[in-house]
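Asks: Dropping the structure in here first, questions after.
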Amino acid sequence: MGMFERDQQVFADATPLDDSYEPEDIRERDDELEKYQRALQPIIDNRPTSNIFLYGKTGTGKTVATKFMLSHLESDAATYDDVELSTIWVSCENLSSSYQVAVALVNELRLGQGKDRISTTGYSQQRVFDLLYDELDSLGGTVVIVLDEIDNIGQSDDILYGLPRARSNDYVEDVRPVIVGISNDFQFRENLSPKVKDTLAEKEILFPPYDANQLRSILHPRAEKAFHDDVLEDDVVPLCAAFAAQDTGSARQAIRLLREAGEIAQAEEAEAVTGDFVRDAQDELEKNQLYQGMQELTTQGHAVLCALAYHQALDEVPVRSRDLYDRYIKICDRLDADSVSERRVRDHLSDMNMLGLISVYERNEGLSAGRYHEYELDVPLKAVLDVLLSTSRFEDVANIIQSTAEDNNLLQSNLSNY
Ligand SMILES: Nc1ncnc2c1ncn2[C@@H]1O[C@H](COP(=O)(O)OP(=O)(O)OP(=O)(O)O)[C@@H](O)[C@H]1O
């Protein structure tokens, strides 16, 4: 046997399971694509075109459908001499205001014309809008502006109002912006001011969650490309589809499960990917998600989590909110951190409950005691401590909790339960 031997590979080519992979065809979205096509058709006919708003939960194909439609639109538009079309795509993921979106748009437009970027600060809002209209004007024709993850800009929605108005603006005569807004936050749509809702969402296309059959049909062509022949057992794709359909209906989740299952099989040098690997993959991804949820808590969230971890280490769970709050105050004192009201702490706890990090029990103890809540961790104490230990501010407290838990023999038992 040589020193270097080729790994027993289950993957032939894992790229179809990457997040950035663009599939050859969009499956199970015929109705949505047809609506989308109709909404964009006036561009080719040189008729006024409504703005379009796509909404639906994460992983339901909004982005991939938009890329698909725009690439067809671009190549078809190119065959008509009298259709002038440009498209720009701005992800609002890391932008948190209208102002930032406007700057990002200006820069995207300038970049396309080989111009330097403008600074992201220091302009008045009006000046940025003026620059934006200038850039749009110099481009001319129809400009499809995709604002992906548009809900990140929160309540400051003046860009959404200002941009469509560019059509009737004095500055702009020969340019027709068409906005495609993409959002997975239904609340965002509800909260838009009525005037913005009217302009932005002239045409709405809903992308519902996928069911298991649809997910299977999305997974199959990718699985075929990604794995060697005869490596996937028959139940693997249906299981990935079923897990994802039950949980979120997200194609992204289904694809991740399939990839993770393959990676686990590969790491174990298995010759086939079996349903058991999908179950392992499901556990693994769930754990990652919880871990990430914990890491992303705010400092106050971490302090509340710390207080609960302390009670867990003392084996005093479930713990009543009053006792938990007292502990939280002590931890804040120790960290020299500001503390918040009991009510706010309850809000943090309910967020953590939503994330699946803790369990909340409602108790009803006669008239005198009234209603109250009790809490306990729903994830292993060990996992919570891992996160807190890696957060410099909480390292010391986490060390104390860890030794308390060790004294009470609570670290081991907790982990094996998981
Ligand atoms: N109908 C489909 N056919 C083929 N692949 C799909 C389909 N729907 C989604 N996918 C794939 O699933 C993944 C997630 O899809 P996409 O990014 O389009 O979702 P999204 O609705 O935009 O989600 P988010 O709001 O999180 O951005 C991508 O890898 C995409 O290629």
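The values are calculated or read from the model by the stated rules, or taken from the named source; none is laboratory data. Keep in mind that what you see is a predicted model, and the values were worked out from it rather than measured. Positions of Cβ are generated from backbone atoms using ideal geometry, with glycine treated the same way; all protein chains shown enter the neighbour counts. Remember, those area values only see protein heavy atoms, side chains included, never the ligands or the DNA or RNA. Shrake-Rupley method; radii C 1.70, N 1.55, O 1.52, S 1.80 Å.
Asks: Consider a paramagnetic label point 7 Å from the Cα of Asp137 along Cα→Cβ; state which residues of segment 172-200 have an amide N under 12 Å from it.
Replies: So the set is 172-175.
Asks: Please report, to one decimal in angstroms, the Kirkwood hydrodynamic radius of the chain built from all distinct Cα-Cα pairs.
Replies: One over the average 1/r among Cα pairs gives 25.2 Å for the chain.
Asks: I've got another one for you. Checking the cross-link filter: which aspartates and glutamates have an alpha carbon closer than 12 Å to that of Lys67, excluding same-chain neighbours under 8 positions apart?
Replies: List returned: Glu22, Glu24, Asp25, Asp148.
Asks: Still on this structure, I have one more. When the Cα centres of segment 49-70 and segment 231-299 are compared, how far apart do they sit, in Å?
Replies: With segment 49-70 and segment 231-299 each reduced to a Cα centre, they are spaced 26 Å.
Asks: Next question, about the same structure. Leaving out ligands, DNA and RNA, what percent of the accessible area of the chain is carbon and sulfur, probe 1.4 Å? Write down the numbers at each step before the final one.
Replies: Working: 9200 of 21750 Å².
After summing per-atom areas, the C and S share lands at 42 percent.
Asks: Not counting ligands, DNA or RNA, and with a 1.4 Å probe, what is Lys197's accessible surface area in Å² rounded to the nearest 10?
Replies: Surface accessible to solvent at Lys197 totals approximately 60 Å².
Asks: Next question. Per residue, how much accessible area does segment 210-292 show when a 1.4 Å probe rolls over the protein heavy atoms, in square angstrom?
Replies: Per residue, segment 210-292 has 50 Å² of solvent-accessible surface.
Asks: What translational diffusion coefficient, in µm²/s and rounded to a whole number, does the Stokes-Einstein relation yield for segment 30-206 at 10 °C and a viscosity of 1.306 mPa s, taking the hydrodynamic radius as the Kirkwood radius over Cα pairs?
Replies: Values: Rh = 16.4 Å.
So the translational diffusion coefficient is about 97 µm²/s.
Asks: Got a sec? What order do Tyr361, Tyr80, Tyr99 fall in by accessible area at 1.4 Å, biggest, i.e. largest, first? Present the calculation step by step, with values, prior to reporting the outcome.
Replies: On the way: Tyr361 70, Tyr80 110, Tyr99 45 Å².
Final ranking, largest accessible area leading: Tyr80, Tyr361, Tyr99.
Asks: Between the helical axis of 395-407 and the dominant principal axis of the chain, each derived from Cα atoms, what acute angle in degrees is found, rounded to the nearest 10?
Replies: It works out to around 40 degrees.
Asks: Given C-alpha coordinates of segment 167-276, what is the ratio Rg to Rh with the Kirkwood estimate of Rh? Mind showing how you got there, number by number?
Replies: Working: Rg = 21.2 Å, Rh = 17.2 Å.
Radius of gyration relative to Kirkwood radius: 1.24.
Asks: Taking a cut-off of 18 Å, what percent of all Cα-Cα pairs in segment 282-337 are separated by more than that?
Replies: When every Cα pair of segment 282-337 is considered, 43 percent fall beyond 18 Å.
Asks: So how strong a dipole does the chain carry about its Cα centre when Lys and Arg Cβ are +1 and Asp and Glu Cβ are -1, to the nearest 20 debye?
Replies: Numbers: 40 positive and 78 negative charges, 311 e Å.
Dipole of the chain, to the nearest 20 debye: 1500 debye.
Asks: Here's something else I'd like to know. Can you tell me the accessible area per residue over segment 30-206, all protein chains present, probe 1.4 angstrom, in square angstrom?
Replies: Counting only protein heavy atoms, the per-residue value for segment 30-206 is 47 Å².
Asks: How long are the semi-axes of the equivalent ellipsoid of segment 279-418, taking √(5λ) for every eigenvalue λ of the Cα gyration tensor, in whole Å from largest down?
Replies: After scaling each eigenvalue by five and taking roots: 23, 19, 16 Å.
Asks: Over 28 Å between C-alpha atoms is what I'm after, so list which of Lys225/Lys382; Lys115/Lys203; Lys57/Lys115; Lys62/Lys197 land there.
Replies: Where the Cα-Cα span goes over 28 Å, the pairs concerned are Lys225/Lys382; Lys115/Lys203; Lys57/Lys115.
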